[in-house]
Amino acid sequence: MTLSNRVAIIGGGPAGLMAAQTLAQAGIAVDLYDSMPSVGRKFLLAGKGGLNLTHSEPFATFVQRYGDRQPQISPLLAQFTPQMLRNWASELGIATFVGSSGRIFPVEMKAAPLLRAWLRQLRQLGVRFHTRHRWCGWNAQQQVRFITPAGEKTVTADVLILALGGGSWAKLGSDGTWIPFLTEKKVAVAPLQPANCGFEVAWSDYFRHRFAATPLKSLVLSFSATDGKQYQQRGELMLTATGVEGSLIYAFSAALRETINATGKADIYLDLCPDRSLAQLGKALTQAAGSQSLANQLRRVANLTGAKAALLREVLSIDAFKQPEKLAQTIKALPLCLIKPRPLDEAISSAGGVSFSAMNQHLMLNALPGVFCAGEMLDWEAPTGGYLLTACFASGKAVGLNALAWLSQGK
(Lines give C-alpha, C1' and ligand atoms only; values in the text may rest on other atoms or scores of the structure.)
Protein backbone atom coordinates (compact mmCIF):
# COMPACT_ATOMS: atom_id res chain seq x y z
CA MET A 1 0.00 0.00 0.00
CA THR A 2 1.39 3.40 -0.96
CA LEU A 3 0.36 7.01 -0.74
CA SER A 4 -0.81 6.76 -4.34
CA ASN A 5 -4.00 5.16 -3.00
CA ARG A 6 -6.65 7.84 -2.68
CA VAL A 7 -9.87 7.61 -0.73
CA ALA A 8 -12.86 9.91 -1.08
CA ILE A 9 -15.25 10.11 1.87
CA ILE A 10 -18.61 11.81 1.48
CA GLY A 11 -20.12 12.97 4.75
CA GLY A 12 -18.50 14.83 7.64
CA GLY A 13 -20.36 13.34 10.59
CA PRO A 14 -18.88 10.96 13.19
CA ALA A 15 -18.86 7.96 10.80
CA GLY A 16 -17.13 9.80 7.98
CA LEU A 17 -14.62 11.49 10.25
CA MET A 18 -13.75 8.22 12.01
CA ALA A 19 -13.22 6.49 8.68
CA ALA A 20 -10.98 9.39 7.63
CA GLN A 21 -8.89 9.11 10.81
CA THR A 22 -8.46 5.35 10.45
CA LEU A 23 -7.27 5.64 6.86
CA ALA A 24 -5.09 8.72 7.33
CA GLN A 25 -3.28 7.12 10.27
CA ALA A 26 -2.33 4.30 7.88
CA GLY A 27 -0.81 6.75 5.41
CA ILE A 28 -3.69 6.86 2.93
CA ALA A 29 -4.47 10.15 1.21
CA VAL A 30 -8.00 11.11 2.24
CA ASP A 31 -10.30 13.75 0.80
CA LEU A 32 -13.49 14.34 2.75
CA TYR A 33 -16.47 16.08 1.13
CA ASP A 34 -19.53 17.58 2.78
CA SER A 35 -22.47 19.54 1.43
CA MET A 36 -22.56 21.93 4.38
CA PRO A 37 -20.28 24.97 4.92
CA SER A 38 -18.61 23.05 7.78
CA VAL A 39 -18.48 19.44 8.97
CA GLY A 40 -20.06 17.89 12.05
CA ARG A 41 -23.14 20.11 12.17
CA LYS A 42 -25.58 17.45 13.39
CA PHE A 43 -22.94 16.24 15.86
CA LEU A 44 -22.74 19.74 17.30
CA LEU A 45 -26.52 19.91 17.58
CA ALA A 46 -26.56 16.56 19.38
CA GLY A 47 -24.31 18.09 22.02
CA LYS A 48 -26.27 21.28 22.45
CA GLY A 49 -27.94 20.08 25.65
CA GLY A 50 -25.00 17.92 26.74
CA LEU A 51 -23.19 15.50 24.43
CA ASN A 52 -24.29 11.96 25.34
CA LEU A 53 -21.34 10.18 23.79
CA THR A 54 -22.07 6.58 24.82
CA HIS A 55 -23.36 4.45 27.70
CA SER A 56 -21.70 2.58 30.56
CA GLU A 57 -24.00 -0.45 30.79
CA PRO A 58 -22.53 -3.94 30.24
CA PHE A 59 -21.69 -4.71 26.62
CA ALA A 60 -24.14 -7.63 26.46
CA THR A 61 -26.95 -5.26 27.44
CA PHE A 62 -25.64 -2.44 25.26
CA VAL A 63 -25.85 -4.42 22.02
CA GLN A 64 -29.45 -5.41 22.71
CA ARG A 65 -30.47 -1.78 22.15
CA TYR A 66 -30.14 -2.32 18.40
CA GLY A 67 -33.15 -4.61 18.18
CA ASP A 68 -33.45 -6.61 14.98
CA ARG A 69 -30.15 -5.20 13.73
CA GLN A 70 -28.13 -6.52 16.66
CA PRO A 71 -26.54 -9.28 14.50
CA GLN A 72 -25.20 -6.66 12.07
CA ILE A 73 -24.24 -3.96 14.59
CA SER A 74 -22.66 -6.15 17.30
CA PRO A 75 -19.54 -7.03 15.24
CA LEU A 76 -18.96 -3.33 14.57
CA LEU A 77 -19.25 -2.47 18.25
CA ALA A 78 -16.93 -5.31 19.18
CA GLN A 79 -14.19 -3.60 17.14
CA PHE A 80 -14.87 -0.19 18.71
CA THR A 81 -16.55 -0.61 22.08
CA PRO A 82 -17.98 2.15 24.27
CA GLN A 83 -14.82 1.98 26.40
CA MET A 84 -12.67 2.34 23.27
CA LEU A 85 -14.73 5.39 22.36
CA ARG A 86 -14.00 6.90 25.80
CA ASN A 87 -10.30 6.13 25.36
CA TRP A 88 -10.34 7.78 21.94
CA ALA A 89 -11.89 10.93 23.38
CA SER A 90 -9.30 10.93 26.16
CA GLU A 91 -6.49 10.80 23.59
CA LEU A 92 -7.96 13.97 22.09
CA GLY A 93 -7.77 15.61 25.53
CA ILE A 94 -11.49 15.21 26.27
CA ALA A 95 -12.20 13.65 29.67
CA THR A 96 -15.54 11.90 30.15
CA PHE A 97 -17.69 10.91 33.12
CA VAL A 98 -20.58 8.56 33.83
CA GLY A 99 -23.81 10.32 34.74
CA SER A 100 -26.37 9.08 37.25
CA SER A 101 -28.32 7.37 34.46
CA GLY A 102 -25.25 5.50 33.22
CA ARG A 103 -24.91 7.77 30.22
CA ILE A 104 -21.41 9.02 29.40
CA PHE A 105 -20.68 12.70 28.71
CA PRO A 106 -17.60 14.86 28.17
CA VAL A 107 -16.69 16.70 31.37
CA GLU A 108 -17.35 19.99 29.55
CA MET A 109 -20.69 18.51 28.33
CA LYS A 110 -20.30 20.16 24.92
CA ALA A 111 -19.53 18.69 21.49
CA ALA A 112 -17.58 21.68 20.16
CA PRO A 113 -14.30 21.13 22.09
CA LEU A 114 -14.18 17.49 21.02
CA LEU A 115 -14.90 18.32 17.38
CA ARG A 116 -12.27 21.08 17.32
CA ALA A 117 -9.61 18.76 18.74
CA TRP A 118 -10.59 16.02 16.32
CA LEU A 119 -10.49 18.23 13.23
CA ARG A 120 -7.12 19.60 14.31
CA GLN A 121 -5.78 16.05 14.52
CA LEU A 122 -7.28 15.09 11.15
CA ARG A 123 -5.70 18.06 9.43
CA GLN A 124 -2.35 17.18 10.98
CA LEU A 125 -2.77 13.69 9.53
CA GLY A 126 -3.25 15.23 6.09
CA VAL A 127 -7.01 14.84 5.63
CA ARG A 128 -8.23 17.42 3.13
CA PHE A 129 -11.69 18.88 3.67
CA HIS A 130 -13.94 20.06 0.85
CA THR A 131 -17.11 21.77 2.08
CA ARG A 132 -20.10 22.95 0.05
CA HIS A 133 -19.68 19.87 -2.15
CA ARG A 134 -23.05 18.17 -2.72
CA TRP A 135 -22.77 14.65 -4.05
CA CYS A 136 -24.86 13.94 -7.15
CA GLY A 137 -23.91 10.41 -8.13
CA TRP A 138 -21.59 9.27 -10.88
CA ASN A 139 -21.04 10.30 -14.49
CA ALA A 140 -20.80 7.97 -17.48
CA GLN A 141 -17.10 7.40 -16.75
CA GLN A 142 -18.02 6.37 -13.16
CA GLN A 143 -16.36 9.43 -11.72
CA VAL A 144 -17.90 10.86 -8.56
CA ARG A 145 -19.87 14.04 -9.26
CA PHE A 146 -20.28 17.05 -6.98
CA ILE A 147 -22.13 20.32 -7.31
CA THR A 148 -20.05 23.12 -5.80
CA PRO A 149 -20.32 26.93 -5.69
CA ALA A 150 -17.88 26.93 -8.62
CA GLY A 151 -19.94 24.47 -10.66
CA GLU A 152 -19.77 20.73 -11.23
CA LYS A 153 -16.66 18.85 -10.14
CA THR A 154 -15.67 15.23 -10.75
CA VAL A 155 -13.39 13.10 -8.60
CA THR A 156 -11.65 9.77 -9.15
CA ALA A 157 -10.64 7.66 -6.15
CA ASP A 158 -9.49 4.13 -5.41
CA VAL A 159 -12.12 3.82 -2.67
CA LEU A 160 -15.33 5.72 -2.01
CA ILE A 161 -16.85 5.78 1.48
CA LEU A 162 -20.40 7.04 1.81
CA ALA A 163 -21.38 8.37 5.24
CA LEU A 164 -24.25 10.62 4.23
CA GLY A 165 -26.51 10.29 7.25
CA GLY A 166 -30.21 9.50 7.32
CA GLY A 167 -33.15 11.73 6.58
CA SER A 168 -33.70 13.74 9.75
CA TRP A 169 -32.58 17.35 10.17
CA ALA A 170 -32.30 18.22 6.49
CA LYS A 171 -31.10 21.73 7.29
CA LEU A 172 -27.97 20.16 8.81
CA GLY A 173 -27.27 17.99 5.76
CA SER A 174 -29.06 14.72 6.62
CA ASP A 175 -31.70 14.96 3.92
CA GLY A 176 -31.75 11.54 2.22
CA THR A 177 -31.11 13.02 -1.23
CA TRP A 178 -28.52 10.30 -1.82
CA ILE A 179 -31.13 7.57 -2.18
CA PRO A 180 -31.85 7.90 -5.94
CA PHE A 181 -28.13 7.74 -6.79
CA LEU A 182 -27.88 4.34 -5.11
CA THR A 183 -31.20 2.88 -6.19
CA GLU A 184 -30.38 3.60 -9.85
CA LYS A 185 -27.30 1.42 -9.27
CA LYS A 186 -29.60 -1.38 -8.06
CA VAL A 187 -28.65 -0.91 -4.40
CA ALA A 188 -31.51 -1.92 -2.08
CA VAL A 189 -32.54 0.94 0.22
CA ALA A 190 -35.29 0.60 2.83
CA PRO A 191 -37.57 3.69 3.00
CA LEU A 192 -36.48 6.26 5.55
CA GLN A 193 -38.80 6.63 8.53
CA PRO A 194 -38.72 8.78 11.67
CA ALA A 195 -37.02 7.26 14.72
CA ASN A 196 -36.70 8.69 18.24
CA CYS A 197 -39.63 10.88 17.33
CA GLY A 198 -42.82 12.35 18.70
CA PHE A 199 -46.28 11.00 17.90
CA GLU A 200 -49.60 12.70 17.21
CA VAL A 201 -52.65 12.54 19.47
CA ALA A 202 -56.07 14.04 18.67
CA TRP A 203 -56.19 16.47 21.60
CA SER A 204 -59.20 18.68 22.21
CA ASP A 205 -58.65 22.31 21.27
CA TYR A 206 -58.67 23.32 24.95
CA PHE A 207 -56.07 20.76 25.94
CA ARG A 208 -53.86 21.55 22.95
CA HIS A 209 -53.76 25.28 23.66
CA ARG A 210 -53.56 24.99 27.44
CA PHE A 211 -50.99 22.24 27.94
CA ALA A 212 -48.65 22.24 24.92
CA ALA A 213 -44.99 22.20 26.02
CA THR A 214 -45.90 20.84 29.46
CA PRO A 215 -43.69 18.07 30.90
CA LEU A 216 -45.24 15.05 32.59
CA LYS A 217 -42.98 13.48 35.20
CA SER A 218 -43.08 10.24 37.16
CA LEU A 219 -45.07 8.13 34.71
CA VAL A 220 -45.05 4.51 33.67
CA LEU A 221 -45.85 3.89 30.03
CA SER A 222 -47.15 0.48 28.94
CA PHE A 223 -47.67 -0.74 25.40
CA SER A 224 -48.44 -4.01 23.62
CA ALA A 225 -46.89 -4.37 20.15
CA THR A 226 -48.53 -6.21 17.28
CA ASP A 227 -46.11 -9.12 17.74
CA GLY A 228 -47.33 -9.56 21.32
CA LYS A 229 -44.23 -8.11 22.94
CA GLN A 230 -44.96 -6.10 26.06
CA TYR A 231 -43.19 -2.82 26.79
CA GLN A 232 -43.15 -0.93 30.07
CA GLN A 233 -40.88 1.81 31.36
CA ARG A 234 -40.90 4.61 33.90
CA GLY A 235 -39.84 8.09 32.89
CA GLU A 236 -41.01 11.43 31.58
CA LEU A 237 -42.65 12.75 28.44
CA MET A 238 -43.55 16.11 27.00
CA LEU A 239 -47.02 17.16 25.89
CA THR A 240 -47.00 19.03 22.58
CA ALA A 241 -49.62 20.83 20.51
CA THR A 242 -49.73 17.79 18.23
CA GLY A 243 -49.24 14.94 20.68
CA VAL A 244 -46.40 13.58 22.83
CA GLU A 245 -42.63 13.35 22.67
CA GLY A 246 -39.67 12.90 25.02
CA SER A 247 -37.44 10.13 26.31
CA LEU A 248 -40.26 7.84 27.43
CA ILE A 249 -41.80 7.95 23.95
CA TYR A 250 -38.46 7.75 22.13
CA ALA A 251 -37.61 4.53 23.99
CA PHE A 252 -40.52 2.78 22.26
CA SER A 253 -40.62 4.75 19.02
CA ALA A 254 -39.62 1.86 16.74
CA ALA A 255 -42.30 -0.48 18.09
CA LEU A 256 -44.90 2.30 18.16
CA ARG A 257 -44.12 3.29 14.56
CA GLU A 258 -44.31 -0.28 13.31
CA THR A 259 -47.60 -0.85 15.13
CA ILE A 260 -49.07 2.25 13.49
CA ASN A 261 -47.75 1.09 10.10
CA ALA A 262 -49.49 -2.25 10.61
CA THR A 263 -52.78 -1.21 12.23
CA GLY A 264 -53.17 2.54 11.72
CA LYS A 265 -52.77 3.41 15.40
CA ALA A 266 -50.92 2.53 18.61
CA ASP A 267 -52.63 2.45 22.00
CA ILE A 268 -50.45 3.30 24.97
CA TYR A 269 -51.35 3.43 28.66
CA LEU A 270 -49.99 5.87 31.22
CA ASP A 271 -49.85 5.15 34.93
CA LEU A 272 -50.19 8.66 36.33
CA CYS A 273 -49.61 7.55 39.92
CA PRO A 274 -47.09 4.69 39.79
CA ASP A 275 -46.26 4.75 43.50
CA ARG A 276 -49.79 3.78 44.61
CA SER A 277 -51.59 0.57 43.78
CA LEU A 278 -54.98 0.36 42.11
CA ALA A 279 -56.50 -0.96 45.33
CA GLN A 280 -55.04 1.90 47.38
CA LEU A 281 -56.32 4.50 44.94
CA GLY A 282 -59.76 2.96 44.68
CA LYS A 283 -60.18 2.84 48.45
CA ALA A 284 -58.93 6.41 48.97
CA LEU A 285 -61.13 7.82 46.20
CA THR A 286 -64.17 6.00 47.56
CA GLN A 287 -63.56 7.39 51.04
CA ALA A 288 -63.06 10.92 49.66
CA ALA A 289 -66.09 10.88 47.36
CA GLY A 290 -68.66 13.50 48.28
CA SER A 291 -66.60 15.00 51.08
CA GLN A 292 -64.51 17.29 48.85
CA SER A 293 -64.31 18.61 45.32
CA LEU A 294 -63.02 16.36 42.57
CA ALA A 295 -59.95 18.58 42.09
CA ASN A 296 -59.11 18.20 45.77
CA GLN A 297 -59.69 14.45 45.61
CA LEU A 298 -57.22 14.09 42.76
CA ARG A 299 -54.68 16.32 44.44
CA ARG A 300 -54.88 14.80 47.91
CA VAL A 301 -55.31 11.15 46.94
CA ALA A 302 -53.10 10.85 43.85
CA ASN A 303 -51.15 14.13 43.72
CA LEU A 304 -52.70 14.85 40.32
CA THR A 305 -52.90 18.48 39.30
CA GLY A 306 -52.51 20.52 36.13
CA ALA A 307 -51.82 18.52 32.99
CA LYS A 308 -52.21 15.10 34.64
CA ALA A 309 -55.67 16.01 35.92
CA ALA A 310 -56.55 17.51 32.55
CA LEU A 311 -55.54 14.26 30.83
CA LEU A 312 -58.20 12.47 32.85
CA ARG A 313 -60.77 14.94 31.60
CA GLU A 314 -59.62 14.27 28.04
CA VAL A 315 -60.53 10.58 28.25
CA LEU A 316 -63.28 10.31 30.89
CA SER A 317 -66.91 11.36 30.79
CA ILE A 318 -68.45 13.41 33.60
CA ASP A 319 -70.31 10.32 34.82
CA ALA A 320 -67.08 8.29 34.94
CA PHE A 321 -65.53 10.82 37.31
CA LYS A 322 -68.29 10.00 39.77
CA GLN A 323 -67.24 6.32 39.82
CA PRO A 324 -64.20 5.92 42.14
CA GLU A 325 -63.35 2.48 40.75
CA LYS A 326 -63.41 3.70 37.12
CA LEU A 327 -61.46 6.82 38.03
CA ALA A 328 -58.79 4.79 39.84
CA GLN A 329 -58.49 2.40 36.87
CA THR A 330 -57.95 5.31 34.50
CA ILE A 331 -55.36 6.95 36.75
CA LYS A 332 -53.43 3.66 36.70
CA ALA A 333 -53.89 3.05 32.96
CA LEU A 334 -54.89 6.19 31.10
CA PRO A 335 -55.35 5.30 27.41
CA LEU A 336 -53.89 7.44 24.65
CA CYS A 337 -54.26 6.67 20.96
CA LEU A 338 -51.19 7.59 18.90
CA ILE A 339 -52.22 8.33 15.33
CA LYS A 340 -48.94 8.71 13.48
CA PRO A 341 -45.30 9.70 13.98
CA ARG A 342 -44.30 13.31 13.54
CA PRO A 343 -42.56 14.12 10.23
CA LEU A 344 -39.13 12.67 9.48
CA ASP A 345 -37.41 16.05 9.48
CA GLU A 346 -38.45 16.58 13.12
CA ALA A 347 -37.07 13.22 14.29
CA ILE A 348 -33.83 12.88 16.22
CA SER A 349 -32.78 10.10 13.86
CA SER A 350 -34.14 7.95 11.07
CA ALA A 351 -34.78 4.28 10.45
CA GLY A 352 -34.30 2.65 7.07
CA GLY A 353 -31.44 3.17 4.66
CA VAL A 354 -29.00 0.97 2.79
CA SER A 355 -29.99 -2.64 3.34
CA PHE A 356 -27.40 -4.91 4.90
CA SER A 357 -28.30 -7.43 2.20
CA ALA A 358 -26.93 -4.94 -0.35
CA MET A 359 -23.47 -5.13 1.28
CA ASN A 360 -20.98 -7.81 2.13
CA GLN A 361 -19.76 -8.37 5.69
CA HIS A 362 -17.23 -5.57 5.17
CA LEU A 363 -19.97 -2.97 4.49
CA MET A 364 -18.96 -2.77 0.82
CA LEU A 365 -21.79 -2.56 -1.71
CA ASN A 366 -22.20 -5.77 -3.67
CA ALA A 367 -23.17 -3.83 -6.78
CA LEU A 368 -20.31 -1.33 -6.49
CA PRO A 369 -16.94 -2.83 -5.53
CA GLY A 370 -14.79 -0.30 -3.70
CA VAL A 371 -17.79 1.65 -2.39
CA PHE A 372 -18.41 1.32 1.36
CA CYS A 373 -21.27 2.69 3.50
CA ALA A 374 -21.29 3.73 7.16
CA GLY A 375 -23.28 5.54 9.80
CA GLU A 376 -26.94 6.42 9.93
CA MET A 377 -27.46 5.86 6.19
CA LEU A 378 -27.43 2.11 6.95
CA ASP A 379 -30.72 0.37 7.77
CA TRP A 380 -30.60 0.34 11.58
CA GLU A 381 -31.90 2.37 14.48
CA ALA A 382 -31.36 2.68 18.21
CA PRO A 383 -32.81 4.67 21.11
CA THR A 384 -31.20 7.77 22.52
CA GLY A 385 -28.70 7.27 25.31
CA GLY A 386 -25.43 7.22 23.40
CA TYR A 387 -26.34 4.22 21.27
CA LEU A 388 -26.77 6.18 18.04
CA LEU A 389 -23.43 7.94 18.25
CA THR A 390 -21.52 4.86 19.36
CA ALA A 391 -22.70 2.81 16.37
CA CYS A 392 -21.92 5.67 13.99
CA PHE A 393 -18.36 5.89 15.33
CA ALA A 394 -18.00 2.09 15.24
CA SER A 395 -19.25 1.75 11.67
CA GLY A 396 -16.88 4.49 10.56
CA LYS A 397 -13.99 2.68 12.23
CA ALA A 398 -15.05 -0.58 10.58
CA VAL A 399 -15.25 0.78 7.03
CA GLY A 400 -11.92 2.52 7.49
CA LEU A 401 -10.29 -0.79 8.44
CA ASN A 402 -12.18 -2.67 5.73
CA ALA A 403 -11.16 -0.17 3.07
CA LEU A 404 -7.53 -0.53 4.17
CA ALA A 405 -7.78 -4.30 3.83
CA TRP A 406 -9.37 -4.00 0.39
CA LEU A 407 -6.63 -1.66 -0.81
CA SER A 408 -3.91 -3.88 0.60
CA GLN A 409 -5.21 -6.72 -1.57
CA GLY A 410 -4.49 -4.59 -4.62
CA LYS A 411 -8.13 -3.90 -5.40
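The values are calculated or read from the model by the stated rules, or taken from the named source; none is laboratory data. All values derive from a computational prediction rather than experimental measurement. Cβ placement follows ideal geometry from the backbone for every residue including glycine, while neighbour counts extend to all protein chains displayed.
Look at residue 104 and say whether it is part of a loop (DSSP other than H, G, I, E, B) and not polar (S, T, N, Q).
So residue 104 fails the test.
Within the bounds of segment 57-69, is there any residue that is without any contact (Cβ under 8 Å) to a residue 12 or more places away in the chain, in the same structural domain as residue 357 (by TED's automatic domain parsing) and in contact with a helix residue (DSSP H, G or I) (Cβ under 8 Å, 6 or more places away or on another chain)?
yes
Go through segment 192-218 and give me each residue that's at positive phi and either hydrophobic (A, V, I, L, M, F, W, C) or touching a Phe, Trp or Tyr at 6+ places or on another chain (Cβ under 8 Å) (or both).
196, 213, listed by residue number.
Go through (1) within 21 Å of the chain's Cα centre (by Cα); (2) modelled with pLDDT under 95 for residue 294 and report which single condition fails.
(1)
Say we look at segment 255-296 and pick out the residues that are surrounded by 14 or more Cβ atoms within 10 Å (Cβ to Cβ) and β-branched (Val, Ile, Thr); which of these is farthest from residue 224 (Cα to Cα)?
286
Between 160, 221, 164, 182, which is at pLDDT 95 or above, hydrophobic (A, V, I, L, M, F, W, C), in contact with a Phe, Trp or Tyr (Cβ under 8 Å, 6 or more places away or on another chain) and not in a strand (DSSP E or B)?
Answer to the selection: 164.
Of all residues being closer than 14 Å to residue 385 by Cα and among the small types (Gly, Ala, Ser) in segment 58-106, which is surrounded by the fewest Cβ atoms within 10 Å (Cβ to Cβ)? Just the residue, please.
100
Take segment 122-134 and flag every residue that is in contact with a helix residue (DSSP H, G or I) (Cβ under 7 Å, 6 or more places away or on another chain) and either farther than 19 Å from residue 17 by Cβ or surrounded by 17 or more Cβ atoms within 10 Å (Cβ to Cβ) (or both).
Answer for segment 122-134, where residues must be in contact with a helix residue (DSSP H, G or I) (Cβ under 7 Å, 6 or more places away or on another chain) and either farther than 19 Å from residue 17 by Cβ or surrounded by 17 or more Cβ atoms within 10 Å (Cβ to Cβ) (or both): 122, 127.
Pull out all pairs, ordered by first then second residue, where Cβ-Cβ is under 8 Å, the residues are six or more apart or on different chains, the first lies in segment 319-345 and is closer than 23 Å to residue 256 by Cβ, and the second is at pLDDT below 95 and of a type in the set (Val, Ile, Thr).
Qualifying pairs under 8 Å: 330/315; 334/315; 335/315; 336/315.
Name the residue, out of 65, 6, 69, that is more than 20 Å from the chain's Cα centre (by Cα) and basic (Lys, Arg).
6
Just give me the residues in segment 361-411 being in contact with a His (Cβ under 9 Å, 6 or more places away or on another chain) and assigned to a loop (DSSP other than H, G, I, E, B), in sequence order.
385, 386, listed by residue number.
Hey, can you tell me all the residues within segment 212-221 that are surrounded by 17 or more Cβ atoms within 10 Å (Cβ to Cβ) and out of contact with any helix residue (DSSP H, G or I) (no Cβ under 7 Å at 6 or more places or on another chain)?
220
How many of the residues making up segment 224-254 are in a helix (DSSP H, G or I) and buried (at least 20 other Cβ atoms within 10 Å of the Cβ)?
Total meeting the criteria: 5.
What is the number of the single condition among (1) in contact with a strand residue (DSSP E or B) (Cβ under 7 Å, 6 or more places away or on another chain); (2) part of a helix (DSSP H, G or I) that residue 296 does not meet?
(1)
Conditions: (1) in a loop (DSSP other than H, G, I, E, B); (2) surrounded by fewer than 16 Cβ atoms within 10 Å (Cβ to Cβ); (3) over 29 Å from the mean Cα position of the chain (by Cα). Residue 177 meets all but one. Number of the miss?
(3)
Just for segment 107-121: of the residues that are in contact (Cβ under 8 Å) with a residue 24 or more places away in the chain and out of contact with any Gly (no Cβ under 6 Å at 6 or more places or on another chain), which one is surrounded by the fewest Cβ atoms within 10 Å (Cβ to Cβ)?
This residue is 112.
If a residue has to be of a type outside the set (S, T, N, Q), assigned to a loop (DSSP other than H, G, I, E, B) and loosely packed, with under 14 Cβ neighbours inside 10 Å to count, how many in segment 192-211 make the cut?
Qualifying residue count, segment 192-211: 1.
Only one of these conditions is not met by residue 2: (1) at pLDDT 95 or above; (2) hydroxyl-bearing (Ser, Thr, Tyr); (3) surrounded by fewer than 24 Cβ atoms within 10 Å (Cβ to Cβ). Which number is it?
The number of the failed condition is (1).
Only residues that are farther than 28 Å from residue 386 by Cα and modelled with pLDDT of 95 or more: list them for segment 265-285, please.
265, the sole residue that qualifies.
Going by the structure shown, is residue 34 surrounded by fewer than 19 Cβ atoms within 10 Å (Cβ to Cβ), charged (D, E, K, R) and either in the same structural domain as residue 391 (by TED's automatic domain parsing) or in contact with a Gly (Cβ under 9 Å, 6 or more places away or on another chain) (or both)?
no
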